[in-house]
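Derivation of every value follows stated rules applied to the coordinates shown; laboratory data play no part. Owing to the predicted nature of the structure, the values given are computational and were not obtained by experimental measurement. When we count neighbours, we look across all protein chains shown, and the Cβ atoms used for this are built from the backbone with ideal geometry, even at glycine.
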């Protein structure tokens, strides 16, 4: 027994010592999970007599880590006194985990944010350094950085441009002589043809992002009022109004006719994506951001973007849905704002944005960028079309957004559209914007 | 012997850490429950408004509560029954038994993120194991939308929870069973008792304290269950797997309503307390205090 | 004689049924794990096409990447440090607390017990933000010490609960006997109560280790830099926004669990002996 106690005491002390060492060790070199900068840069840095600053870059795109690492290595070459450590927080919990860390300044000297509700929250929290007038702002295409503006001030710079509408398999369409339809009947006929030929018409990730993405293109022409969601949130409009019930019933129609894969509500975006890349499904109800990873899984894919038009062709106002996201901001609570700004400026440079775009497969909002992949060239065509800023992001009350996406899931699970709308409206009534 | 003064020293260090890092913040949470706070601006006192809303003006709260009950009941009943049965089969320290115990314990070691990844894969409709196996065995009719069907999703998750934690409960039961003196069984056998009677008269009363701990702990654990549900379904589809803990998290961190979330947490605590005490009453005769 | 054969026959059929049940549950436990292990040897593309079968393209790349690029060893060490420190501290404090509760009895014991038992029912959402603010004010965010301190406070109630329960089942005469020998509280604690509680201390240690090891919430809240991340947090990090590389994550899961399983296999003898010793001596 004594032996047990002695061992325990020893281990306890040892553990506390290790933990103690851990604490003091924390101030030394971090960022170890990134590829180490080349030996040269390291040596240069240690020769430098200047102060070494380490800034933290918080974002959610795990799949971009390697590309950022390369960009960071280049940045450190140009700015030997500044080290950048990436901190990736998963996108579902991003708002939750980011906010606390950003506020006390311990992380995220440079950080990314989503537009819409998250942006509003961060602005209210005074988290952004006002970037209006900074010279790197002019590197961006004017009308694409509005999502990061409030009251005339530029708080954040949207870096990515994405189209939140379904991707389609060009080769399958060609084989069956299909073209993106211009109205609802055309869309139904297209799906029917695909189904008859043994394809899943639409791979729908109902378990995570499907409802929130697909609702955009489905409602964009059913209700063209850009202010509609604000009206719903303040009670001036209701989900039980005709336009929303119609949207739900159209989604239900797609499901009931068998145009979604079985158990769509249990399918997440990765599985849906793989159905598409394996060419079992002809369309994927997500957005342009998945084109790169689809191509990675199947290099023979040829992809394009389309959007279902839910009204007769002559009534259609919008052709698609766009979002400017991954908004870069400098943390107002950061003690290293100059270094942070330098990093943002670096990313805003044409060459770097171009490298980012071509290697991650995302369109960017920086001007004069040349795209050299077929997917990006395809998506870039949409900048000339009349698209609507993603309506769903204009819902600022989280509970209401959840009610909307749940209503979509509900009709797919079999509920009657009017009832699903009514159920969702009850939640809205309990959560109206104050 | 009267308790010595030095007992206060026994209490001091642990109590101090507990008070500072746990009790005090909890009290702050209580104060928060009477306020409105979005995490950023000033906190505004609003009295009982949060509580009123929780009890009368929040359908989702009611739904989360019902889901929680479904989840908890299925987990507690099956996990307790299963772990006790297996513990009885395995309480002798033979090599085979030790092997089985280690095997069953294995899932407990996995982090819930890992368990969620594994079962997400198993339940997957297209590439997952379960439907695949059923299909190959010609039992396609048994295939379900395990996580996509609002009616059964919560039970599918309960199954994963049981899978992950039964091994842990077996350990507790084995400890309890092994504490029962062997002579009692000898005596019972000499009196002509069969296996079932021996169980009823010797095992059950003496393993009851362990059973109480297992049941209470499983109840609280499954009521609070967060990681698994969060990682597997995030509360959907259509709120069917939203339980109180995930709902509170969503209210706080997606809705930025920390005051309301605090009030919900208080309600949550009360519910847990009621259920736990109710359970103690049920397993009478083994009240710990 | 009759009795003997009947018993023997009953034992045999019982033992067939018993084996069947054990093997069945064993399979249930193993199969998901096996599928996952197989998956770690497949490249990501193959997994979606061939989820169940033997890897068509057997590859060790997932493991290589995990160990070398992703430095999983570092996350493992962090989990070890945090878990070991927390568990030992908790056991240290809670055995003393349980002993005090046991010895005080009356209203003092009840209050103490209630204070901790109630803590078990407090969901983390209630105090997580206030705890964060507290830790932040103490400048302990992103430190292992901060995380450990909070973990100790948060998980202590469970240990106190289990240990108090166990102590209550001990006969009071023991302490009487000790006092007659002229023992003070400390000696009674060290020489009598503590050795007797070994089985329940082991059980608590197992519970707690698992909970602390797997905790995601507090590391997520407090730890920012990669070099301090614990395993669950690091595994979560691999979930890219739109790509979940199952084989890689599974490789991480296997690597993360293997040492623990080994430790358990070795320590299990320890725990079993402890349990036996506790009951025989008692």
Quick one: if you stick a label point 7 Å off each Cα along the C-beta vector at residue C:45 and residue C:64, how many nm between them? 1.7
Between residue B:9 and residue C:266, how many nm apart are label points set 7 Å from Cα along the C-beta direction? 3.6
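If you average 1/r across every pair of different Cα atoms in the stretch A:63-147 and take the reciprocal, what Kirkwood value do you get, in Å?
Details: mean 1/r = 0.0670 Å⁻¹.
Taking the inverse mean of 1/r over all distinct Cα pairs, the stretch A:63-147 comes out at 14.9 Å.
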Please report A:253, C:46, C:185 as a ranked list, fewest other C-beta atoms within 10 angstrom at the top and most at the bottom. A:253, C:46, C:185
In Å, descending, principal axis extents of the Cα set of the stretch A:132-197: 56, 22, 15
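Between residue B:187 and residue B:27, what FRET efficiency follows from the Cβ-Cβ distance if R0 is 51 Å, with the result rounded to 0.05?
Details: r = 53 Å, r/R0 = 1.03.
In this case the efficiency is close to 0.45.
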Applying the gyration tensor rule to the Cα atoms of the stretch C:15-75 (axes a ≥ b ≥ c; rounded if a/c under 1.5, else prolate if a/b exceeds b/c, else oblate), the class is oblate
Candidates B:101, B:36, B:200: whichever shows maximal mean-square fluctuation once chain B is modelled as a Gaussian network with Cα springs under 10 Å: B:200
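Rank the residues C:107, B:146 as a footprinting-exposure proxy: fewest other Cβ atoms within 10 Å of their Cβ go first. Walk me through the numbers on the way to the answer.
Values: C:107 8, B:146 25.
So the residues, fewest neighbours to most, are C:107, B:146.
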Ranked packing of C:227-234, B:43-50, B:6-13, most packed first, by mean Cβ within 10 Å: C:227-234, B:6-13, B:43-50
Cα centroid of the stretch B:229-273 to Cα centroid of the stretch C:121-174, whole Å: 22
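Could you give the length gained on full extension between residue A:230 and residue A:193, defined as 0.36 nm per residue of separation minus the Cα-Cα distance, in nm? If you can, show how the numbers build up before the last one.
Values: separation 37, 0.36 × 37 = 13.32 nm, distance 3.85 nm.
Gain in length upon complete extension: 9.5 nm.
Before rounding to the nearest 500, sum -39500 (n - 2.57) across all DSSP H runs of length at least 4 in chain A and divide by the residue total; then give [θ] at 222 nm in deg cm²/dmol.
On the way: 17 runs with 190 residues, N = 434.
Helices in chain A give a 222 nm mean residue ellipticity of -13500 deg cm²/dmol.
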What nm distance separates the two modelled labels at residue C:110 and residue B:151, each placed 7 Å from Cα along Cα→Cβ? 5.0
Per residue, the convex hull enclosing the alpha carbons of the stretch A:144-274 has a volume in Å³ of 155
What does the extension gain come out to for residue A:302 and residue A:73, with contour length at 0.36 nm per residue minus their alpha carbon separation? 79.1 nm
In whole angstrom, the spacing between the Cα centers of the stretch A:362-434 and the stretch B:68-111 equals 44
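Percent relative contact order of the stretch B:177-289, based on C-alpha pairs within less than 8 angstrom and at least six residues apart? Could you put the intermediate results ahead of the total?
Values: 62 pairs, mean separation 23.5, N = 113.
Computed value for the stretch B:177-289: 21 percent relative contact order.
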Once every Cα of the protein assembly as shown carries one equal point scatterer and solvent is ignored, give the base-10 log of I(q)/I(0) from the Debye formula at q = 0.07, 0.10 Å⁻¹, two decimals. -0.64, -1.27
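Pairs of alpha-carbon atoms within less than 8 angstrom and 6+ residues apart define the contacts here; what relative contact order does the stretch B:45-282 have, in percent? All intermediate terms of the calculation are to be shown ahead of the outcome.
Numbers: 257 pairs, mean separation 73.3, N = 238.
Contact order relative to length: 31 percent.
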Grab the beta carbon distance between residue B:69 and residue C:21, set R0 = 35 Å, and tell me the FRET efficiency rounded to 0.05. 0.75
Determine the relative contact order of the stretch C:70-237: mean sequence separation of Cα pairs under 8 Å and six or more apart, normalised by residue count, in whole percent. 41
GNM result for chain A, Cα springs below 10 Å: residue of A:164, A:81, A:197 fluctuating most strongly: A:197
FRET efficiency (residue A:317, residue A:146; Cβ distance; R0 25 Å; to 0.05) is 0.80
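So, by mean Cβ neighbours within 10 angstrom, what's the order for A:134-145, B:248-259 with the highest one leading?
On the way: A:134-145: 15.7, B:248-259: 23.7.
Top to bottom by mean Cβ count within 10 Å: B:248-259, A:134-145.
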Relative to the first principal axis of the alpha-carbon coordinates of chain A, what is the inclination of helix A:184-196, with its axis defined by its Cα atoms, in degrees from 0 to 90 and to the nearest 10? 80
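Tell me whether chain A comes out rounded, prolate or oblate; compute the Cα gyration tensor, take square roots of the eigenvalues as a ≥ b ≥ c, and use a/c under 1.5 as the rounded threshold. Spell out each step's value before the answer.
Values: a/c = 1.75, a/b = 1.61, b/c = 1.09.
Verdict is prolate for chain A.
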Among the Cα-Cα pairs of the stretch C:76-173, the proportion with separation greater than 21 Å, in percent, is 42
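Does chain B classify as rounded, prolate or oblate by the C-alpha gyration tensor (a ≥ b ≥ c root eigenvalues; a/c under 1.5 gives rounded; else a/b over b/c gives prolate, otherwise oblate)? Write out the running numbers ahead of the final one.
Numbers: a/c = 2.24, a/b = 1.21, b/c = 1.85.
Note, shape of chain B comes out oblate.
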